[in-house]
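Each remark here refers to the structure printed beneath this line.
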Amino acid sequence: MYNVMSPKAEEFISDEEIQACLSFAEQNKDNREAIEQVLEKASKMEGISHKEAALLLDCAIPDLNERIYQLAEAIKQEFYGNRIVMFAPLYLSNYCINGCKYCPYHLKNKHIARKKLTQEEIAREVIALQDMGHKRLALEAGEDPVNNPIEYILESIQTIYGIQHKNGAIRRVNVNIAATTVENYRKLKDAGIGTYILFQETYHKKSYEDLHPTGPKSDYAYHTEAMDRAREAGIDDMGIGVLFGLNNYRYDFTGIIMHAEHMEAYGGVGPHTISVPRVRKADDIDPDVFDNGISDETFAKIVACLRIAVPYTGMIVSTRESQESRERVLRLGISQISGGSKTSVGGYAKEEAPEENSAQFDISDNRSLDEVVHWLMELGYVPSFCTACYREGRTGDRFMTLLKNRQIINCCHPNALMTLKEYLEDYASEGTKAIGEALIQKELSKIPNETVRKKAAEYIETIHLGKRDFRF
């Protein structure tokens with residue numbers, strides 16, 4: 001029985017409900033009147049239900065599909081403007097006791113080089129990331145209570161926050177580790193993490209269990225209910241995602257919106273972010289096992305329909321996607337991207353030899369952070385290294401309230417411009433700096449509040465004189 005308020009995974013992610021939604025969407029994909037009704041509701045920019053979103057995803061009427069894309073772009077602009085938040089993943093350890101069939105970290109893989117960073121090695125990685133210009137990291141680690149206990153994660157967070165190199169500092173550490181207990185989530189909260197991130201991989205229970213035959217992750221309910229335990233522990237910002245290509249994309253698209261609805265109804269606030277990775281080639285993973293791969297066109301429509309369904313939620317795309325793919329979905333809803341990423345353990349401080357490969361998956365966008373920043377600005381976006389909301393306590397429902405009231409631009413836009421100015425002063429190539437300086441002057445005029453606009457201009461000038469870390 002479907003119940004958005006239930007604490008039980010199989011009730012707030014109901015297979016029966018999803019199947020009914022998919023059947024409805026399939027039967028009505030050519031129903032102009034029904035689709036136009038959903039688009040009319042969606043145009044209010046207050047979100048739509050999982051059932052309505054499934055109908056838009058299946059829409060087979062060309063001119064209405066064009067309206068879907070246009071609406072997604074309008075919603076993205078309304079809530080997130082042209083700001084794109086930058087981050088990088090930092091892999092601490094690839095030791096793992098799970099048997100996930102799609103991940104090279106699985107326990108039985110004897111090909112991959114197993115590595116775990118010491119605190120000294122973490123410091124070197126962080127300095128390398130700071131020297132690129134990064135301010136926000138996403139920690140990644142396999143699930144292994146012996147090699148990667150919660151104490152190791154907590155110590156690593158402390159190490160990262162404690163490193164100041166030249167003008168570099170990591171100001172926000174997001175954490176992507178396995179589902180855990182309320183007690184451990186409290187420890188992460190006390191350590192000062194930003195967002196807790198956990199991908200569901202797939203919401204189809206049988207497929208989930210087939211893909212996770214051994215290890216703690218094989219417990220579907222424990223994994224799916226993790227966000228509720230994190231909320232109980234006091235974590236405000238949480239990120240969800242599915243790995244498109246593991247299962248039928250229509251099913252997982254509907255499931256992730258249902259999860260977002262549950263988080264808002266049951267926990268009081270929806271997900272801070274939704275990630276949309278696609279399956280990529282990796283060591284010891286048979287690509288023929290996954291026959292649910294999705295085209296670039298389908299991927300773009302998934303992003304657009306998610307943006308329409310959950311207009312307030314940040315959306316993330318990683319370097320799994322090519323430059324061309326990322327460029328398209330940036331317009332349709334993406335608000336955060338990674339740049340200059342390495343998916344191997346210890347990959348930032350030194351290049352790995354082939355026999356030392358510890359990467360989780362192949363990267364499609366291999367450009368440096370400077371190249372990505374330059375590219376974004378050429379497209380008219382403002383690369384943002386901002387971490388102000390987290391550090392000012394604007395998390396959870398406080399952040400969402402500002403966003404829904406359209407007031408966030410008076411915080412986010414000046415903070416984006418100031419952190420971009422820091423990047424230009426400390427790390428950018430000459431070409432990137434030139435285009436960035438012109439962009440900052442142009443974008444200052446878009447700050448609605450005159451007092452904030454003037455203060456931001458003063459701060460930007462002060463950054464040029466050597467001061468750092470201003471924020472609204």
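The values are calculated or read from the model by the stated rules, or taken from the named source; none is laboratory data. What you are looking at is a predicted structure, and each value in this text was computed from that prediction instead of being measured. So basically every Cβ, Gly included, is an ideal-geometry build from the backbone, and we count neighbours across all protein chains shown.
Highlighted here are the helices (runs of 4 or more DSSP H) found entirely within region 139-233 that include at least 1 residues which are under 23 Å from residue 276 (Cα atoms) and either in contact with a Leu (Cβ under 6 Å, 6 or more places away or on another chain) or among the charged types (D, E, K, R) (or both): 205-211, 226-232. Looking across region 342-397, the residues that are at pLDDT below 85, assigned to a loop (DSSP other than H, G, I, E, B) and over 30 Å from residue 233 (Cβ atoms) come down to 350, 351, 352, 353, 357, 358, 359, 362, 363, 364.
Evaluating residue 391 against the criteria (1) touching a helix residue (DSSP H, G or I) at 6+ places or on another chain (Cβ under 8 Å); (2) basic (Lys, Arg); (3) closer than 30 Å to residue 348 by Cβ; (4) touching a residue at least 24 places away in the same chain (Cβ under 8 Å) leaves one unmet condition, (1). Every listed requirement among (1) on the phi > 0 side of the Ramachandran plot; (2) under 21 Å from the mean Cα position of the chain (by Cα) is met by residue 166 save one, (2).
Beta carbons closer than 6 Å, at least 6 apart along the sequence or on distinct chains, pair a first residue in region 450-464 that is in contact (Cβ under 8 Å) with a residue 40 or more places away in the chain and under 19 Å from residue 409 (Cβ atoms) with a second that is in a helix (DSSP H, G or I) and among the basic types (Lys, Arg) for 460/421.
Scoring residue 412 on the criteria (1) assigned to a helix (DSSP H, G or I); (2) at pLDDT 95 or above; (3) crowded, with 19+ Cβ neighbours inside 10 Å leaves a single failure, condition (2).
Would you be able to say whether some residue in region 83-92 is in contact with a Gly (Cβ under 8 Å, 6 or more places away or on another chain), among the hydroxyl-bearing types (Ser, Thr, Tyr), buried (at least 23 other Cβ atoms within 10 Å of the Cβ) and part of a loop (DSSP other than H, G, I, E, B)? The answer is no; no qualifying residue exists.
When 141, 169, 179 are screened for being touching a His at 6+ places or on another chain (Cβ under 6 Å) and not aromatic (Phe, Trp, Tyr), only 179 passes.
The set of residues from region 308-328 being in contact with a helix residue (DSSP H, G or I) (Cβ under 6 Å, 6 or more places away or on another chain) and part of a helix (DSSP H, G or I) comprises 308, 309, 325, 328. Scan region 234-283 for residues that are crowded, with 20+ Cβ neighbours inside 10 Å, in a loop (DSSP other than H, G, I, E, B) and free of Cβ contacts under 8 Å to residues at least 60 places away in the same chain and the total you get is 5. For beta carbons closer than 6 Å, sequence separation of 6+ or different chains, a first residue in region 113-137 that is over 29 Å from residue 425 (Cα atoms) and a second that is part of a helix (DSSP H, G or I) and of a type in the set (Asp, Glu), the qualifying pairs are 113/356.
If you take the residues in region 415-446 that are touching a residue at least 24 places away in the same chain (Cβ under 8 Å), out of contact with any His (no Cβ under 8 Å at 6 or more places or on another chain) and among the acidic types (Asp, Glu), which one is surrounded by the most Cβ atoms within 10 Å (Cβ to Cβ)? My answer is 422.
Looking only at residues in region 25-81 that are in a helix (DSSP H, G or I) and of a type in the set (Val, Ile, Thr), which one is nearest to the chain's Cα centre (by Cα)? Step through it out loud before you land on a result.
At the first step, the residues of region 25-81 found to be in a helix (DSSP H, G or I) are 25-27, 32-42, 50-58, 62-80.
Remaining after also requiring of a type in the set (Val, Ile, Thr): 35, 38, 68, 75.
Values: 35: 29, 38: 27, 68: 22, 75: 18 Å.
This residue is 75.
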